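The values are calculated or read from the model by the stated rules, or taken from the named source; none is laboratory data. For clarity, every value in this text was computed on a predicted model and none was experimentally measured. Cβ: placed from backbone, ideal geometry, glycine included. Neighbour counts: every protein chain shown. Quick note on the areas: whole protein, heavy atoms, side chains included, nothing else; ligands and nucleic acids left out. Shrake-Rupley method; radii C 1.70, N 1.55, O 1.52, S 1.80 Å.
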Amino acid sequence: LQDQFDNLEKHTQWGIDVLEKYIKFVKERTEIELSYAKQLRNLSKKYQPKKNSKEEEEYRYTSTRAFLATLSEMNDYAGQHEVISENMTSLITGELTRYVQELKQERKSHFHDGRKAQQHIETCWKQLEASKRRFERDCKEADRAQQYFEKMDADINVTKADVEKARQQAQLRHQMAEDSKAEYSSTLQKFNSEQHEHYYTHIPSIFQKIQEMEERRIVRIGESMKTFAEVDRQVIPIIGKCLDEITKAAELVDHKNDSQMVIEAFKSGFEPPGDIEFEDFTQPMKRTVSETSLSNSRADGRSEPKFGGKSKGKLWPFIKKNKGAGPEDFSNLPPEQRRKKLQQKVDELNRDIQKEMDQRDALTKMKDVYIKNPQMGDAASVDQRLAELGQNIEKLRLEVQKFEGWLAEVEGRLPARSEQARRQSGLYEAQNTSAVNSCAQDRESPDGSYTEEQSQETEMKVSSTDFDDEFDDEEPLPTIGTCKALYTFEGQNEGTISVAEGEMLYVIEEDKGDGWTRIRRNEDEEGYVPTSYVEVYLDKNAKGA
């Protein structure tokens, strides 16, 4: 290949171009891996349940927990693609980029030496050609001088001095030709030596270095391709583990368990309604409806108040859900759901109490430190906060007692509340929730039957009258103590009474566990107020105190 110097230069440049093309390929692959990992992470994040949301509660089922595990594993799966990108960047792209720079420098050096050797041999060749032409010229000049001398020597008319001059000129030319011959011979020997050295030493050495450089490039790109595959292969076990975890989570899906959880979450605790009795309209008798029918009428034919808790127990399959905020005691819910809500509220209040007590203990310790070391702070500065915490704890405890009373009633640990207290709870419910929109209830008439024409105004009037009749029939209750209003309460609903902060009133019926206390201002004014709004002082001698 000693005569293919230019072709080798082009080929080695092509090899560098191939290497740079492969670097570009790997770089685009890393960008794809990063983009894929980012999209996987965004996908996993998109379907993650939001904290403290209803959606988060749905993930207690085994099927949704399996889906949550899938999202988590997909996040780890995305992480492995990021590892692929990082390793390819560091082990292939970065290394090959540095190697290409070194390769370009080495190639430049080798071809510089090659061009220098070529220029040297060309210079030697030019010197040889010049020496050869000079020797040829001197030989011709010597022949012409010799021929001229012989001509002059044969001519009898030429003087002896001219002949001698021609002879000297011929000798001079012959001497110049001999000198040129010697120079040409020396230059030729030198050129042959240089040419031999060029083609058998310098050029082979340079070409050998270029060959080694090219072979290293080929080996390097092959090793990079192996690394390319190995980077992928290294994460396969981890990706396989992610897929195994998804499979394991899927195998834990238990349809029986999920069904049982649905039952536990939504069971109401109501008994199914009894059979509807046959009503014979052929007999000339007053139409009646059995107690077990779904019309929910009273035995005496009067309509049940709409705000009471009893109607819900009768018409539970057909009652529409209230869209507003429910009552404080969750009496708008079925028994089982109400028990769960009350238990959650009790647990929440107990956690709040524990939090407040922890703060109080910390402040107490701080106060002790201030007392022992006055220079660290004023002990009196925490008294106000301690008092506030004490009041908060007391209020929370009262709330806990109230909700525990309702919970005990639901669980059957306490006797059921009186009609009066139950009606009052119904009033509170009416205050906080919208009216029940059941078609059956809206059409209920005083005699227990259903009618399309009866308006809501008439219905509420009947209910209110029914309530007032029962309220007025009761005997006036004796005073069992006094109370002080802690806050102002606007009694806007029927059966409640308005009080002003700091007002002193008489207690005629204490809280039965429904969160309401019955008080009296004078003989004509009495009603219910929230127990948490008053501070009660019961008379020890009073009946039932």
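Pick from 219, 235, 231: which is farther than 30 Å from residue 101 by Cα and assigned by the TED database to the domain that holds residue 105?
The conditions single out 235.
Contact list please: Cβ distance under 6 Å, first residue in region 167-185 and closer than 18 Å to residue 130 by Cα, second residue open to solvent by 80 Å² or more (accessible area, probe 1.4 Å), pairs at least six apart or on different chains.
184/132
Could you grab me the full set of residues in region 182-214 that are buried (at least 16 other Cβ atoms within 10 Å of the Cβ) and of a type in the set (D, E, K, R)? Give the derivation first.
Quick first cut of region 182-214, residues buried (at least 16 other Cβ atoms within 10 Å of the Cβ) only: 183-184, 187, 191, 194, 198, 202-203, 206-207, 209-210, 213-214.
Answer for region 182-214, where residues must be buried (at least 16 other Cβ atoms within 10 Å of the Cβ) and of a type in the set (D, E, K, R): 183, 194, 209, 214.
Does residue 21 count as out of contact with any helix residue (DSSP H, G or I) (no Cβ under 9 Å at 6 or more places or on another chain) and not in a helix (DSSP H, G or I)?
Details: out of contact with any helix residue (DSSP H, G or I) (no Cβ under 9 Å at 6 or more places or on another chain): yes; not in a helix (DSSP H, G or I): no.
So residue 21 fails the test.
List pairs: first in region 221-250 and under 30 Å from residue 66 (Cα atoms), second surrounded by 14 or more Cβ atoms within 10 Å (Cβ to Cβ) and among the acidic types (Asp, Glu), Cβ under 8 Å, 6+ apart or cross-chain?
Sorted first by the residue in region 221-250, then by its partner, the pairs are 238/76; 242/73; 242/76; 243/73; 245/73; 246/73; 249/73.
Run down 147, 169 and say which single residue is out of contact with any Phe, Trp or Tyr (no Cβ under 9 Å at 6 or more places or on another chain), at pLDDT 85 or above and more than 30 Å from residue 81 (Cβ to Cβ). Step through it out loud before you land on a result.
Numbers: 169 fails: out of contact with any Phe, Trp or Tyr (no Cβ under 9 Å at 6 or more places or on another chain).
Result: 147 is the single residue among 147, 169 that is out of contact with any Phe, Trp or Tyr (no Cβ under 9 Å at 6 or more places or on another chain), at pLDDT 85 or above and more than 30 Å from residue 81 (Cβ to Cβ).
Residue 257 - would you say it is open to solvent by 50 Å² or more (accessible area, probe 1.4 Å) and without any contact (Cβ under 8 Å) to a residue 40 or more places away in the chain? Talk me through it step by step, then tell me what you get.
Working: open to solvent by 50 Å² or more (accessible area, probe 1.4 Å): yes; without any contact (Cβ under 8 Å) to a residue 40 or more places away in the chain: no.
So residue 257 does not fit the description; no.
Got a sec? Which of 16, 32 is free of Cβ contacts under 8 Å to residues at least 60 places away in the same chain and β-branched (Val, Ile, Thr)? Quick ask: steps written out before the conclusion?
On the way: 16 fails: free of Cβ contacts under 8 Å to residues at least 60 places away in the same chain.
When all the criteria are applied, what remains is 32.
Scan 379, 362 and give me the residue that is farther than 15 Å from residue 346 by Cα, buried (at least 16 other Cβ atoms within 10 Å of the Cβ) and either in the same structural domain as residue 344 (by the TED database) or modelled with pLDDT under 80 (or both).
Values: 362 fails: buried (at least 16 other Cβ atoms within 10 Å of the Cβ).
Selected residue: 379, the only one of 379, 362 that is farther than 15 Å from residue 346 by Cα, buried (at least 16 other Cβ atoms within 10 Å of the Cβ) and either in the same structural domain as residue 344 (by the TED database) or modelled with pLDDT under 80 (or both).
Give region 101-129 a look and list any residue that's open to solvent by less than 60 Å² (accessible area, probe 1.4 Å), farther than 22 Å from residue 6 by Cβ and in contact (Cβ under 8 Å) with a residue 12 or more places away in the chain, or say none.
Once the filter is applied, which keeps residues that are open to solvent by less than 60 Å² (accessible area, probe 1.4 Å), farther than 22 Å from residue 6 by Cβ and in contact (Cβ under 8 Å) with a residue 12 or more places away in the chain, region 101-129 yields only 128.
Taking the criterion of being open to solvent by 60 Å² or more (accessible area, probe 1.4 Å) and in contact with a Ser or Thr (Cβ under 9 Å, 6 or more places away or on another chain), would at least one residue in region 135-146 satisfy it?
Narrowing region 135-146 to residues open to solvent by 60 Å² or more (accessible area, probe 1.4 Å): 136-137, 140, 143-144.
Keeping just the survivors that are in contact with a Ser or Thr (Cβ under 9 Å, 6 or more places away or on another chain) gives 136-137.
Within region 135-146 (the criterion being open to solvent by 60 Å² or more (accessible area, probe 1.4 Å) and in contact with a Ser or Thr (Cβ under 9 Å, 6 or more places away or on another chain)), the answer is yes, since at least one residue qualifies.
With charged (D, E, K, R), surrounded by 12 or more Cβ atoms within 10 Å (Cβ to Cβ) and at pLDDT below 90 as the only criterion, which of 33, 9 stands out? Lay out the reasoning, then the answer.
Details: 33 fails: at pLDDT below 90.
The conditions single out 9.
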